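Here's the structure we're looking at; comments come further down.
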Amino acid sequence: MQIEEIFSEVFNVDKSNINESLNIRGIKTWDSMNHMTLIEALESNYNVMLTGDQIAEIITVKDVIDALRKQGADL
């Protein structure tokens, strides 16, 4: 599953609206509960374990990409 698909499913937004600059303020449903749902989906899909600092610092799609790359995920 692609990052766009994960965001689309977790936050119930159209995949065409998802780009690297999209941030937490741009998605109404991006609250603390869905943030953790996002993290769980990313970790499961990419078989990685994000650190607490990485999880706290994720506020954009680009932050997700950077965190996954740091963990060695194959994007």
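The values are calculated or read from the model by the stated rules, or taken from the named source; none is laboratory data. Only a predicted model underlies this, so the values are computations on that prediction, with no experimental measurement involved. Cβ atoms come from the backbone with ideal geometry, glycine included; neighbour counts cover every protein chain shown. Only protein heavy atoms, including side chains, enter the accessible area calculation; ligands, DNA and RNA are left aside. Shrake-Rupley method; radii C 1.70, N 1.55, O 1.52, S 1.80 Å.
Descriptive notes on the structure:
- Per-pair calculated FRET efficiency, R0 = 22 Å: residue 2 and residue 32 via Cβ, rounded to 0.05: 0.35
- For the chain, a simple Cβ point-charge model (Lys and Arg +1, Asp and Glu -1, everything else neutral) yields a dipole of about 160 debye relative to the Cα centre.
- Distance distribution note for the chain: the fraction of Cα pairs above 14 angstrom is 55%.
- Degrees separating the helix 61-70 axis from the principal Cα axis of the chain, which is the longest one: 10 degrees
- With a simple spin-label model that places each label point 7 Å from the Cα along the Cα-to-Cβ direction, the separation between residue 71 and residue 51 comes to 1.3 nm.
- When the helices of the chain are scored as -39500 (n - 2.57) per DSSP H run of n ≥ 4 and the total is divided over every residue, the value at 222 nm lands at -15500 deg cm²/dmol.
- Where the chain is the region considered: accessible area per residue in Å², 1.4 Å probe: 64 Å²
- Look at the dipole of the stretch 26-75 built from charges on Cβ: of 35, 52, 75, the Cα furthest out on the positive end belongs to 75.
- Mean sequence separation of contacting Cα pairs (under 8 Å, at least six apart), scaled by the length of the chain, corresponds to a relative contact order of 32 percent.
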